[in-house]
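> First, the structure itself, so that you have it in front of you.
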Amino acid sequence: HKYLVLKRFICIEFVFRGCITIYHNTTNLFKSTIGMSQSRRHIAEEGVLQKFRASIISDDEGAHIGINISGWNIMTSSSSIGNESEMEALTDFLQHQISDSRRLALPEIVFTKAYARLTRRDIGKEQEVNDDDSEPLAVIRFTAKDALEEWASCHNHLETDGKDKNSLCKGVAIIKSVDAKLWEERQARERKQQQKVSSTNSHFGKGAVAAALKHCSTEFNYDWTFSSPYTGTSLVSGKTKAWTKAESSGINFSLLTDQSQPILFFDDVTLYEDDMHDNGYVSLKCKIRVMPTCFFILQSLFDRVDNVTIRVKEVRIFAKFENDGEIKISKDVCWREIPWNKLISLGLPSHVGSWRIEEEGMQQTVTGMIRKLPQIQLPIGVYEHSSFLL
């Protein structure tokens, strides 16, 4: 009888494990098929591109990923959500940017291989533009890894114990959701446990155990809104390029609104997003538009903590195509933020559903309301207007 019971138990366990395996395999397949960075890439017809001396850039598999125009290789790529090994590697990379007294976590959805990239190889020498062996003169790129690296580095300047509520670095701060009471209760339990352990003998040593618990109490004390101050990565001759502060915007908006010029290339790439455990929503996206005479980039970070605050960080980069002489690349940065309880005073809705930019059909409505949010002062080192010359 005992043998039959044991045999039946083993059979049930094998069936259970098989179901779990099938579930995980199905989940991974589901994520790999629909968990893609939503690309809205548009490339003009080849005849139109040829008219403006532009050409299509294809990847190794023949897929069209960008265009070459006036000495610039302009490319974008969407990707599936990072797999387990990619996410672990990214977590380890970010952890090395900060002290050991804090632990970081990644956004739930990171498109690890998604990017928008502009590369200039040699001014005025069209025949060398596609020479991949030559060192790029300039690179402007936007990636999730670069954005999260800057976000992680800011934590070196934030308090680890959470006592300083004004602790802030380039807009990165540790804020509380409306569920903050649960967080405070958890910390209170940890402090109580720490005091209990400190007064009890242990073969590990009172100091060692107390230190370990103190470490655990700060483990999740990080900016879980992923509000990165990232404004793009700019390299000249392989080195980070410093932008020079300007008194006014160098972006030619009249040129951008000239409807007589066709759009040769457009894409909208999502780099990362997270629903903050149902406490809000954050997304980092990059749009790029190329016309016969210029390119324009808009990176937008939308950060909503339900019933607490709304933040928007926008970066605009613009340049006219010049085959001779210097090329001026201009950047504008605009940050907006408002406490939730101030929305009504601006005539804006305070219902969370009105701000769900992540829902289909809400993007245009929310984007219109964003323009009404007040601008805030930029941190030191982040300029409202800046530029550099090539």
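> Kindly indicate whether A114 is at negative phi, touching a residue at least 60 places away in the same chain (Cβ under 8 Å) and surrounded by fewer than 20 Cβ atoms within 10 Å (Cβ to Cβ).
no
> Residue check, D59 against (1) surrounded by fewer than 14 Cβ atoms within 10 Å (Cβ to Cβ); (2) closer than 25 Å to L235 by Cα; (3) in contact (Cβ under 8 Å) with a residue 24 or more places away in the chain, all met but one. Which one?
(3)
> When residues of region 313-332 are filtered for being in a strand (DSSP E or B), surrounded by fewer than 21 Cβ atoms within 10 Å (Cβ to Cβ) and of a type in the set (D, E), how many remain?
1
> Go through region 345-378 and report how many residues are in a loop (DSSP other than H, G, I, E, B), farther than 14 Å from R304 by Cα and of a type outside the set (A, V, I, L, M, F, W, C).
7
> Return the residue satisfying two criteria in turn: it lies in region 243-258 and is loosely packed, with under 10 Cβ neighbours inside 10 Å and of a type in the set (G, A, S), and of such residues it is farthest from P379 (Cα to Cα).
Ranking the candidates gives S254 first.
> If we scan region 76-96, do we find a residue that is over 16 Å from the mean Cα position of the chain (by Cα) and surrounded by 16 or more Cβ atoms within 10 Å (Cβ to Cβ)? Quick ask: steps written out before the conclusion?
Looking only at region 76-96, we keep the residues that are over 16 Å from the mean Cα position of the chain (by Cα), and these are 83-85, 88-89, 92, 95-96.
Retained after the next criterion (residues that are surrounded by 16 or more Cβ atoms within 10 Å (Cβ to Cβ)): none.
No, region 76-96 contains no residue that is over 16 Å from the mean Cα position of the chain (by Cα) and surrounded by 16 or more Cβ atoms within 10 Å (Cβ to Cβ).
> Of all residues in region 85-111, which are out of contact with any helix residue (DSSP H, G or I) (no Cβ under 9 Å at 6 or more places or on another chain) and part of a helix (DSSP H, G or I)?
Answer for region 85-111, where residues must be out of contact with any helix residue (DSSP H, G or I) (no Cβ under 9 Å at 6 or more places or on another chain) and part of a helix (DSSP H, G or I): S85, E86, M87, E88, A89, T91, D92.
> Output the residues belonging to region 228-243 that are under 24 Å from the mean Cα position of the chain (by Cα) and either over 27 Å from Y272 (Cβ atoms) or part of a loop (DSSP other than H, G, I, E, B) (or both).
S228, P229, Y230, T231, G232, G238, K241, A242, W243
> Also: For W335, indicate whether it is under 19 Å from G171 (Cβ atoms), buried (at least 20 other Cβ atoms within 10 Å of the Cβ) and aromatic (F, W, Y).
yes
> How about region 259-276: which of its residues are more than 16 Å from the chain's Cα centre (by Cα), in contact (Cβ under 8 Å) with a residue 24 or more places away in the chain and surrounded by fewer than 21 Cβ atoms within 10 Å (Cβ to Cβ)?
Within region 259-276, Q261, P262, I263, F266 qualify.
> What number of residues within region 43-71 satisfy the criterion of being modelled with pLDDT of 95 or more, in a strand (DSSP E or B) and not polar (S, T, N, Q)?
Adding up the residues that qualify gives 7.
The values are calculated or read from the model by the stated rules, or taken from the named source; none is laboratory data. Keep in mind it's a predicted model, so treat the numbers as computed, not measured. All Cβ positions, glycine included, derive from the backbone under ideal geometry; neighbour counts span all protein chains shown.
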